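Let me begin by presenting the structure, written as structure tokens, before commenting on it.
The values are calculated or read from the model by the stated rules, or taken from the named source; none is laboratory data. These figures come from a predicted structure and were not determined experimentally. No Cβ is skipped: glycine too gets one built from the backbone with ideal geometry, and neighbour counts run over all protein chains shown.
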Amino acid sequence: MATTLLPGEFESGAVPGMGPGDERLRGLHRAIAPLMAVHGLPRWLFWTGATITLVFVVLAVFAPEIAPYGYNQYVAHGIRFPQQAPPSAVHWLGTTVVSEDVYSRVIFGARTSIEVVVLALMFSVVIGVPLGLISGYFGGWLDRVLVLINDSIFAFPYLLLAIVIAFLLSSSVGGGVLTAAIAITVVYIPQYFRVVRNTVLSVREEPYVEAGRALGAKPRTVIRRYVFANVVHSVPVVASLNAADAILTLAALSFLGIGMDPSVAAEWGYDISRGIADAQAGFWWTGLFPGLAVILLVTGLTLVGEGINDTFNPLLRRPNHRRFAMPKDAREATTAAVEMERPVVRVRDLRVWYATDRGPVRAVDGVSFEIRERETLGLVGESGSGKSTLGRGILGLLPVGAIRDGSVDFEGRDLVKATQQEMRHLRGPSIGLVFQEPMTRLDPLMRISDHFAEALHTHEPDISDAEIRRRSLEALGGVRIPPTRFHNYPYEFSGGMRQRIMIALALVLKPRFVIADEPTTALDVLVEAQILSIIADLKNNFDTALLLITHNLGIVAESCDRVAVMYAGRIVEQGAVADIFSRPEHPYTQELMRSTISLSTRKLHYIPGAPPDLAAPPSGCRFHPRCPQAMEVCRAKEPVGIEIRPSHLAECWLHGPQEEIPPDGRRPLEREEIGIADEA
Amino acid sequence: MAAAHWNARRSASQMRPDPATLPLLEVHDLKVHFSLRGSFLQRMLGRDTGSVKAVDGVTFKLQRGEVLGLVGESGSGKTTLSRAVLSLVKVTGGSIAFNGETISGLSERQFRPLRKRLQLIFQDPHASLNPAMTILDAVGHPLRIHHIAKGDVEVRRLVSQSLERVGLVPVQRFLYKYPSDLSGGQKQRAVLARAIILGPELVIADEPVSMLDMSVRAKMLELMGDLKRDLGLTYLYVTHDLATARYFCDRIAIMYLGRIVEMGSAAEIYSKPRHPYTKALLEAIPEPDPSHKVPSDLPRGEVPDAAVPPLGCSFHPRCPRAFWPCGWESRDLHSMLEERWATLSPDEYLRERAIVGGLEGLDSPSTEALIPVGKGHSATELAALLDEHRRSTPEDPFWRGVVSVEPRAHGVTVRFHDHVTPELQPVADVDEPVEVACHLYRPDLAPG
């Protein structure tokens, strides 16, 4: 049990059914796996599209065997076919004005379409993708020239362009499949060029590409294995959507009579154009069936393309939201908290669980604490502890598929039970937020003055302009931003100044409670010191209750009055900063402090192992696999919060409650050897 | 064959670096400037668009077997410097020598064989491994690039050896995994394995632990220390974190806006920091000790724009101890006014703002600044206002740089002292060598 499996791993240590030698297969398996895993509407659409496309491909490949007659055939066994005959047992889809069998023509039309489109796709990919790669990777004048050429082609009305090329080519080369394919190719090259080039531009800046260069890989190796391998996923989507478009373009060309020589091949567009005259005379079958064929195949290809996009594009992927509920016993367990006098916010047994394919992930699993006014509570934890989820969970800013339980008492109302509407009204004037990345939180198109105006107007619609200005400048003054910069845009400020503006924006509405999630992580240490001192001021000037979420114990010691240490979704220890730092009682807190490298560190210390998988946390105390002082009871029963000294709470069997520990529960736990393979 | 690289190094590892021998890496007056794109019009007319002086005259030596920490905040140029050493960015001036041979200015083809001896580990373990390559492919790629190993079996053997070195065991469990299957600490170990597989002599580590959790950092540092000992590695440790640098480095170089401002043995730097920036950095670190509070009088402001750095000493606008030669100029005047106005009430601000005209003229650096006077006010009023400022904040270093404040027809001319650009100078009377680029330590300039 103790070995933590890596995500996606099975007990035997290998992907089932594969030996170490099947590396290519492994790659393929990884590529296909998302497609197999997708559920719901996208899957249904994709497979429908794929089926339709497959049917047409089969028709195309086996056309001579499937079609009862040739595409130009108007006679069989010496008997001429009826002219413009409606669908019958002999001619399933009727005949045309020149006695050709419509059914056969539709099938051969499929062959023509598929042939032309496959050729065109191949050419476009073979030309467009390498050009995009080279252009994106090398940049410079080559890039500028290629972009100019491709943009010009792209800007040209595509049908007109295809017509011109087809026209020119057919007079020299002839009006066959190749001509049509080339005409279509030229039109679509820019699409591949663009998509690949743009993907390359973003991948090019990734550290692993720089790593490839630093290893000494030649440019062509870097392009092939480091860039292209990570860019290639964008091509199939474009290819399938292009294929759909290409069918239409081909049909349009033939419709206009420029596509293909009718004696060389059957083509749907050509049939449709002839079918117009027929329809006016009441012969509906000659144009309808080719038209339906075009629609079906294009739809099929489009569904395939969109299906691939939905599957592989992480932004579009919708997680599987199987409805689930928290088990009753989980919800009933209560957690202890240090009780305060008239707290501003009171959190009790808060739980935030996410839905995943492996089952619910218990990111926050029973957390209780309180914060008074003018008090800063530091919530400290490493990655995977659930601290950020907790911050967002209080505010209700959780992604779809997360469920909450417990209560968050704020100004007489329970935030967990509040509606979205109510939360919207509270966020801002009552509860302020300061996030980690100030660069991405300010609207680059709005001046700072506009940001303040918007914030104030939203919550105080009747406020006057003069009042907005006065309060904004007051808030900015509090964070030492000069009034001369009031009308600047965000890009005109440095990172530290932007974070100060964020704080000012959070404060201008004078909220009673502010949550700051890693507010200084992205900043330099001198700027961090400035921000921390501003944060310390605000609780004095505004009577704010502050929840400061961080991974840095130094910041907690510097800026917080009380601290709560989080591990694997639970608060394992909470109390006054002076108390916890001088006498940490929970082994995790002790280990964390010993592992922190500060200027006074003489000896390195680390905690072996890794934080647990929150989808399947360890039994009993979640820290027991890594705890140097674990006892038998720690594995068997979840510890209960104990007030070790006034206002200092810890969840640890080392401190009791004694009566709940079974007779042999105190025996030290035999810990399994924790290897690197299980490490964080 | 690659195993020979490792074994040969063992004997080298036990020596203390001897300053008299040839340094492994010697950087002399290195400059790396990136030209700015400028506006369309500027480019059309062929005007000079300016450049960002990311590295602006850096000189240091690195002896075999030692660890030199390059410490600085964002914009200090430490990352650019490390990339320049590895020929991943173009050097604009100065030289870099590796084992006595000049390596700056070599073409990629000439430099390629050197990459076996100079390696790089990155900050973000989640982004420095190619997501499309298995660990076996990634760690084994250097072997293939440099044709060290022939055949899959040989590559696998050497990769396994490297993985064992960094503790990724059982090896079988990691060889065929993709980076997304590994944790942050495991990925960083894989990056280390890739870096050492060719038996390099110098490893540049760019913030190797800053993105790892605290409980894992120590493990990584310990591993890096073990490798240094076992493989005779020399490290250039690039970081902003003075705490880990103290633990890991023998010598420290503090960088600010493209220059080294202080350099010396770690013991000396941490016990007696001399440059005001170094002092500030050390004092600003929040310690996990509630009785220790960060001082409230730390330098304000932020690292300035590297395209047009401050005159003289780049740190002077923020330095609490700056004085007359440090490079006072018109932009400092602009900042001084703005900072003062940030502290005033709205009415006071409006009153003062009206007396002062447009401040755009103060944005190009100059030792003589003309502040235009606001409409309806006189130059003498403006001069009186500036005098009021001086009297209300006499300890502001800004005023030590001002020579004169003279009313003119349409404004006030403020003249500053000529600036002197600081150079790294050794400090006298110390146990271990230390160099500082600060006028406070120049007897001919410093007050008293």
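Any residue in the stretch B:69-82 that is closer than 18 Å to A:Ala217 by Cα and modelled with pLDDT under 95? Walk me through it before giving the result.
So in the stretch B:69-82, the residues closer than 18 Å to A:Ala217 by Cα come out as none.
No, there is no match, as no residue in the stretch B:69-82 is closer than 18 Å to A:Ala217 by Cα and modelled with pLDDT under 95.
Evaluate the following for B:Leu233: is it crowded, with 22+ Cβ neighbours inside 10 Å, under 19 Å from the mean Cα position of the chain (by Cα) and either closer than 28 Å to B:Ala306 by Cβ or more than 9 Å from every other protein chain (Cβ to nearest Cβ) (or both)?
Values: crowded, with 22+ Cβ neighbours inside 10 Å: yes; under 19 Å from the mean Cα position of the chain (by Cα): no; either closer than 28 Å to B:Ala306 by Cβ or more than 9 Å from every other protein chain (Cβ to nearest Cβ) (or both): yes.
No, not satisfied.
Of the residues B:Tyr256, B:Tyr270, only one is of a type in the set (Phe, Trp, Tyr), at pLDDT 90 or above and surrounded by 24 or more Cβ atoms within 10 Å (Cβ to Cβ); which?
Numbers: B:Tyr270 fails: surrounded by 24 or more Cβ atoms within 10 Å (Cβ to Cβ).
Residue meeting the stated conditions: B:Tyr256.
With the condition being in contact (Cβ under 8 Å) with a residue 60 or more places away in the chain, I'd like the helices (runs of 4 or more DSSP H) fully within the stretch B:91-203 carrying at least 1 qualifying residues. Let's see the steps before the verdict.
Working: elements: B:108-111, B:135-145, B:151-165, B:172-175, B:184-196.
Output list reads B:135-145, B:151-165, B:184-196.
Of the residues A:Pro618, A:Pro663, A:Pro608, which is away from every other protein chain (no Cβ under 11 Å) and closer than 30 Å to A:Arg358 by Cα? Let's see the steps before the verdict.
Numbers: A:Pro663 fails: closer than 30 Å to A:Arg358 by Cα; A:Pro608 fails: away from every other protein chain (no Cβ under 11 Å).
Answer to the check: A:Pro618.
Inside the stretch A:577-605, can you point out the residues that are in contact with a strand residue (DSSP E or B) (Cβ under 9 Å, 6 or more places away or on another chain), at the interface with another protein chain (Cβ under 7 Å from one of its Cβ atoms) and not aliphatic (A, V, I, L, M)?
Within the stretch A:577-605, A:Phe581 is the sole residue that qualifies.
Only one of (1) over 32 Å from the mean Cα position of the chain (by Cα); (2) surrounded by 24 or more Cβ atoms within 10 Å (Cβ to Cβ); (3) at the interface with another protein chain (Cβ under 10 Å from one of its Cβ atoms); (4) more than 26 Å from A:Gly366 (Cβ to Cβ) is not met by A:Cys560, so which one is it?
Result: A:Cys560 fails condition (4) only.
Within the stretch B:273-302, can you find the residues that are more than 7 Å from chain A (Cβ to nearest Cβ) and touching a strand residue (DSSP E or B) at 6+ places or on another chain (Cβ under 8 Å)?
If the condition is that a residue be more than 7 Å from chain A (Cβ to nearest Cβ) and touching a strand residue (DSSP E or B) at 6+ places or on another chain (Cβ under 8 Å), then B:Pro273, B:Arg274, B:His275, B:Tyr277, B:Thr278 are the ones that fit.
Here is a check on your reading of the model: is A:Thr249 within 41 Å of the chain's Cα centre (by Cα), away from every other protein chain (no Cβ under 14 Å) and surrounded by 24 or more Cβ atoms within 10 Å (Cβ to Cβ)?
Details: within 41 Å of the chain's Cα centre (by Cα): yes; away from every other protein chain (no Cβ under 14 Å): yes; surrounded by 24 or more Cβ atoms within 10 Å (Cβ to Cβ): yes.
Taking the combined requirement at face value, the residue satisfies it.
For A:Ala110, work out the one condition from (1) modelled with pLDDT under 90; (2) among the small types (Gly, Ala, Ser); (3) in a helix (DSSP H, G or I); (4) within 30 Å of A:His77 (Cβ to Cβ) it doesn't fulfil.
Result: A:Ala110 passes all but (1).
Given the structure, is A:Leu476 at pLDDT 85 or above, within 14 Å of chain B (Cβ to nearest Cβ), in contact with a helix residue (DSSP H, G or I) (Cβ under 8 Å, 6 or more places away or on another chain) and buried (at least 19 other Cβ atoms within 10 Å of the Cβ)?
Working: at pLDDT 85 or above: yes; within 14 Å of chain B (Cβ to nearest Cβ): yes; in contact with a helix residue (DSSP H, G or I) (Cβ under 8 Å, 6 or more places away or on another chain): yes; buried (at least 19 other Cβ atoms within 10 Å of the Cβ): yes.
Yes.
Any residue at all in the stretch A:444-451 that is assigned to a loop (DSSP other than H, G, I, E, B), touching a helix residue (DSSP H, G or I) at 6+ places or on another chain (Cβ under 7 Å) and under 30 Å from B:Pro304 (Cα atoms)? Spell out how you get there, then give the answer.
First, the residues of the stretch A:444-451 that are assigned to a loop (DSSP other than H, G, I, E, B): A:444-447.
Those still in the list that are touching a helix residue (DSSP H, G or I) at 6+ places or on another chain (Cβ under 7 Å) too: A:444.
Restricting the remaining residues to those that are under 30 Å from B:Pro304 (Cα atoms) gives A:444.
The answer is yes, given that some residue of the stretch A:444-451 is assigned to a loop (DSSP other than H, G, I, E, B), touching a helix residue (DSSP H, G or I) at 6+ places or on another chain (Cβ under 7 Å) and under 30 Å from B:Pro304 (Cα atoms).
Answer yes or no: is there a residue in the stretch A:662-678 that is surrounded by 16 or more Cβ atoms within 10 Å (Cβ to Cβ), of a type outside the set (A, V, I, L, M, F, W, C) and modelled with pLDDT of 90 or more.
No: zero hits.
For the subset of the stretch A:111-161 comprising residues that are among the polar types (S, T, N, Q) and under 14 Å from A:Ala180 (Cα atoms), which member is surrounded by the most Cβ atoms within 10 Å (Cβ to Cβ)? Step through it out loud before you land on a result.
Taking the stretch A:111-161 first, the residues among the polar types (S, T, N, Q) are A:112-113, A:124, A:135, A:150, A:152.
Narrowing further to those that are under 14 Å from A:Ala180 (Cα atoms): A:112-113, A:124.
Details: A:Thr112: 27, A:Ser113: 30, A:Ser124: 25.
Top of the filtered list is A:Ser113.
I'd like to know if the stretch B:206-226 contains one or more residues that are in contact with a strand residue (DSSP E or B) (Cβ under 8 Å, 6 or more places away or on another chain) and part of a helix (DSSP H, G or I). Even if it seems obvious, please write down each step before you answer.
In the first step, residues of the stretch B:206-226 are kept if they are in contact with a strand residue (DSSP E or B) (Cβ under 8 Å, 6 or more places away or on another chain); the result is B:206-208, B:210, B:224.
Now restrict to residues that are part of a helix (DSSP H, G or I): B:224.
Within the stretch B:206-226, one or more residues are in contact with a strand residue (DSSP E or B) (Cβ under 8 Å, 6 or more places away or on another chain) and part of a helix (DSSP H, G or I).
Here is a yes/no grid of residues against (1) closer than 15 Å to B:Phe416 by Cβ; (2) touching a helix residue (DSSP H, G or I) at 6+ places or on another chain (Cβ under 9 Å); (3) modelled with pLDDT of 90 or more; (4) outside any helix (DSSP H, G or I):
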{"residue": "B:Gly358", "(1), (2), (3), (4)": "no, no, no, yes"}
{"residue": "B:Leu362", "(1), (2), (3), (4)": "yes, yes, no, no"}
{"residue": "B:Ser366", "(1), (2), (3), (4)": "yes, yes, no, yes"}
{"residue": "B:His377", "(1), (2), (3), (4)": "no, yes, no, yes"}
{"residue": "B:Glu381", "(1), (2), (3), (4)": "no, yes, no, no"}
{"residue": "B:Arg391", "(1), (2), (3), (4)": "no, no, yes, no"}
{"residue": "B:Glu395", "(1), (2), (3), (4)": "no, no, no, yes"}
{"residue": "B:Phe398", "(1), (2), (3), (4)": "yes, yes, yes, no"}
{"residue": "B:Val403", "(1), (2), (3), (4)": "yes, yes, yes, yes"}
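Under the condition of being away from chain B (no Cβ under 14 Å) and of a type in the set (Val, Ile, Thr), which residue from the stretch A:544-557 is nearest to A:Ile394 (Cα to Cα)? Show your work before the answer.
Filtering the stretch A:544-557 down to residues away from chain B (no Cβ under 14 Å) leaves A:544-547, A:549.
If we keep only those that are of a type in the set (Val, Ile, Thr) too, we end up with A:544, A:549.
Details: A:Thr544: 16, A:Ile549: 13 Å.
Filtering the stretch A:544-557 for residues that are away from chain B (no Cβ under 14 Å) and of a type in the set (Val, Ile, Thr), the one nearest to A:Ile394 (Cα to Cα) comes out as A:Ile549.
Take the residues of the stretch A:403-437 that are among the aliphatic types (A, V, I, L, M) and part of a strand (DSSP E or B): which is modelled with the highest pLDDT?
Restricting attention to the stretch A:403-437, the residues satisfying the condition of being among the aliphatic types (A, V, I, L, M) are A:403, A:408, A:415-416, A:418, A:423, A:426, A:431, A:433-434.
Going one step further and asking which of them are part of a strand (DSSP E or B), we end up with A:403, A:408, A:431, A:433-434.
Working: A:Ile403: 87, A:Val408: 92, A:Ile431: 89, A:Leu433: 85, A:Val434: 86.
Taking the candidates together, the pick is A:Val408.
Being more than 30 Å from B:Thr21 (Cβ to Cβ), more than 7 Å from chain A (Cβ to nearest Cβ) and either crowded, with 19+ Cβ neighbours inside 10 Å or over 16 Å from the mean Cα position of the chain (by Cα) (or both) narrows it down to one of B:Leu118, B:Leu143, so name that one. Reasoning before the result, please.
Numbers: B:Leu118 fails: more than 30 Å from B:Thr21 (Cβ to Cβ).
Testing whether each residue is more than 30 Å from B:Thr21 (Cβ to Cβ), more than 7 Å from chain A (Cβ to nearest Cβ) and either crowded, with 19+ Cβ neighbours inside 10 Å or over 16 Å from the mean Cα position of the chain (by Cα) (or both) leaves just B:Leu143.
Might you let me know whether the stretch A:516-534 holds any residue that is surrounded by fewer than 23 Cβ atoms within 10 Å (Cβ to Cβ) and at positive phi?
Yes - at least one qualifying residue is present in the stretch A:516-534.
Quick one: which of B:Val171, B:Val159 is touching a Ser or Thr at 6+ places or on another chain (Cβ under 6 Å) and more than 9 Å from chain A (Cβ to nearest Cβ)? Step through it out loud before you land on a result.
Working: B:Val159 fails: touching a Ser or Thr at 6+ places or on another chain (Cβ under 6 Å).
None of the other options fit; the residue is B:Val171.
Only one of A:Thr440, A:Thr484 is under 31 Å from the mean Cα position of the chain (by Cα), at pLDDT below 90 and surrounded by fewer than 17 Cβ atoms within 10 Å (Cβ to Cβ). Can you tell me which? Give the steps one after another, and end with the answer.
Details: A:Thr484 fails: under 31 Å from the mean Cα position of the chain (by Cα).
Just a single option satisfies the conditions, and that option is A:Thr440.
So which residues in the stretch A:542-554 are closer than 16 Å to A:Val344 by Cβ and either polar (S, T, N, Q) or surrounded by fewer than 20 Cβ atoms within 10 Å (Cβ to Cβ) (or both)?
A:Phe542, A:Asp543, A:Thr544 - these are the residues of the stretch A:542-554 that are closer than 16 Å to A:Val344 by Cβ and either polar (S, T, N, Q) or surrounded by fewer than 20 Cβ atoms within 10 Å (Cβ to Cβ) (or both).
Quick check on this structure: which one of A:Ser240, A:Ser202 is polar (S, T, N, Q) and either surrounded by 23 or more Cβ atoms within 10 Å (Cβ to Cβ) or in contact with a Phe, Trp or Tyr (Cβ under 7 Å, 6 or more places away or on another chain) (or both)? Step through it out loud before you land on a result.
Numbers: A:Ser202 fails: either surrounded by 23 or more Cβ atoms within 10 Å (Cβ to Cβ) or in contact with a Phe, Trp or Tyr (Cβ under 7 Å, 6 or more places away or on another chain) (or both).
Only one candidate qualifies: A:Ser240.
Answer with yes or no whether B:Glu348 is surrounded by fewer than 16 Cβ atoms within 10 Å (Cβ to Cβ), away from chain A (no Cβ under 14 Å), assigned to a helix (DSSP H, G or I) and free of Cβ contacts under 8 Å to residues at least 24 places away in the same chain. Steps first, please.
Values: surrounded by fewer than 16 Cβ atoms within 10 Å (Cβ to Cβ): yes; away from chain A (no Cβ under 14 Å): no; assigned to a helix (DSSP H, G or I): yes; free of Cβ contacts under 8 Å to residues at least 24 places away in the same chain: yes.
Judged against the criteria, B:Glu348 is not a match.
Of everything in the stretch A:370-396, what is part of a strand (DSSP E or B) and in contact with a Pro (Cβ under 9 Å, 6 or more places away or on another chain)? Give them in sequence order.
Initial filter on the stretch A:370-396 (part of a strand (DSSP E or B)): A:370-371, A:376-380.
Correct list: A:Glu370, A:Ile371.
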